[in-house]
1. Show H326, H63 ordered by accessible area, largest first, where the area counts protein heavy atoms only and the probe is 1.4 Å.
2. Contour minus end-to-end for V211 and E152, with contour as 0.36 nm per residue of separation and end-to-end as the Cα-Cα distance?
3. Over segment 61-219, with every protein chain in place, what whole percent of the accessible area is carbon and sulfur at 1.4 Å, could you tell me?
4. Over the heavy atoms of D310, what accessible area does a 1.4 Å probe trace out, to the nearest 10 Å²?
5. How much area per residue is accessible in segment 112-260 when the probe is 1.4 Å and only protein heavy atoms are counted (Å²)?
6. What does the highest-first list of 80-87, 213-220 look like by mean Cβ count within 10 Å?
7. Heads up, I need the accessible area for V65: 1.4 angstrom probe, whole protein in place, Å², nearest 10.
8. Please say if segment 239-385 is rounded, prolate or oblate, where rounded means a/c under 1.5 for a ≥ b ≥ c the square roots of the C-alpha gyration tensor eigenvalues, and otherwise the choice is prolate for a/b larger than b/c and oblate otherwise?
Amino acid sequence: MVYVIMILFLIGIIGFLSYRLYVKDVQYKYKAEKMTHLEHDYANKIQGLESAVDSLNKTAYTHTVTKIGNIDYFINRCTSLFERFPDSVFTMIGFSISNLGKINQFFGPSEGDKVMVYTAEMLKYSVTGNATYAHVNSNLFGILLRDTTEEEIMKIIGAITAKLKDYSPTFAVTAIFGIYYIDCSRTGDSMMDIMNYTLLAQKAVTDPKTVNYAYFTEALIRSYNENKKMSVEMEEALDNHKFIVYLQPMIDLHSYQIVSAEALVRWDYPGKGILSPYAFLPLFENTSLIQKLDYYMWEECCKVIRRWIDNKITPLPIAMNISPIHLQGTAFIDKLEQLMHSYLISKELLILELPERGVANATKEVMDIITKLREKNFSLCIDNFGSVHSPLNLLKDYPIERIKLDRSFLMKNSTSNEGLTILRYLIAMAKELDLTVITEGVESLQQANFLTDIGCDIAQGYFFAKPLSVRHFDQLNKSMLRNLYRPSEYYPTFEDFAKDVDILTQMMQRVG
């Protein structure tokens, strides 16, 4: 009996242990299946995250318009190549579509984007081998070449130039190239410095129809470093009021009195004296500082007028330059109105000179801005008329009051009978449209007399006065200019008088 009980007890223990093993096995299988599912789910999530990261990287390193590498891609790619091949010789080519601005003007920004896309696609086939390329910014493409001969460089430039010419039968697409041999010993140069070197080399291209590329030289390096130094100094000079307003008189050709003045900027540069705008304005125009300089000059002009009024001096209108960059929006109009309100200046004392290159073949947006200026009673003048091509529709389509003939237009057309005829009829057309005509660059009495004879209203130039400081301008304004300059005058002869008497006699007889 005892044995039976023990056997039953052992059978019970074995059954219990078997059950526990079965339960453990079921739990293990469940956990194993769950782990497998979790691992699979985790792998899917990892794959999804990797795909998302790849997509973000692709977006971050791709130009939004042309869909090729952008500046971030280019910097990373070039840096990697420099590190991988420290003994290689690298060449950077930067090129821009030189007539992109005109393409945008004549055919619209969408056509300009198409040109950029075409250029990017063309690079895929023109640049091969030990090279990388990217769309660096809106109008700059970069190509980095490794261990490339000059002949191969010229071959690439020639291929790109030829393919751009094939873009459209309607208009030409042209490019200018800057070439920079990268000096690895210049460890301080960043990728942006290198790209700027190629841009400076592009500016050395004088005749792109003949040769559309230029190499960066040591002389350009010195110029670049000076420009960098000057760029830093420019903003400090603005804050410290080192820029000075000079006024060049505008002379009424009938009374030979000063009737207005153009505001011109000069820089009181420490150690160099008073700098002409030719020494620094191009650098300003290549940076956003041109807007700040314009705002500064506008306020200085308002101060001059305010001082005249406060000192009981009859104020004269001052013509102020409006840089083309302002015509991209209306913010500058608010700035002008704010200044006039602050200094209590009436709008007839300010003339806004709009550059011809900024308004010729203007977009609808620019036309709307010009119309808004006129609606707000600003006096508008087209500056540098005739410096480029000056379409005559500027005279009838724009709500302007004045045109200022460019000095180059006067010089070019005052030396031949055909040129004088062009001047005569252009001024006649402007007068028919009730426009005031100003001619700048007048340098001789002969030119002044001719302009007076053909109906020009106002002249400006060294024959009358160079740009002056405000103090010297005030002194000149007090003098009697009519005693210093004599316009050509008509003195009738006896024969003319006799003819006039005959005409009057005939008229009287008809009346009788």
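1. H63, H326
2. Gain in length upon complete extension: 19.6 nm.
3. The value for segment 61-219 is 54 percent carbon and sulfur by accessible area.
4. Here the residue's solvent-accessible area equals roughly 100 Å².
5. Accessible surface, normalised per residue, equals 49 Å².
6. With the highest mean Cβ count within 10 Å placed first, the list reads 213-220, 80-87.
7. 60
8. Cα axes put segment 239-385 in the rounded bin.
The values are calculated or read from the model by the stated rules, or taken from the named source; none is laboratory data. Owing to the predicted nature of the structure, the values given are computational and were not obtained by experimental measurement. Glycine also receives a Cβ, built like all others from the backbone with ideal geometry; neighbour counts cover every protein chain displayed. Calculation scope for accessible area: heavy atoms of the full protein, side chains included, ligands and nucleic acids excluded. Shrake-Rupley method; radii C 1.70, N 1.55, O 1.52, S 1.80 Å.
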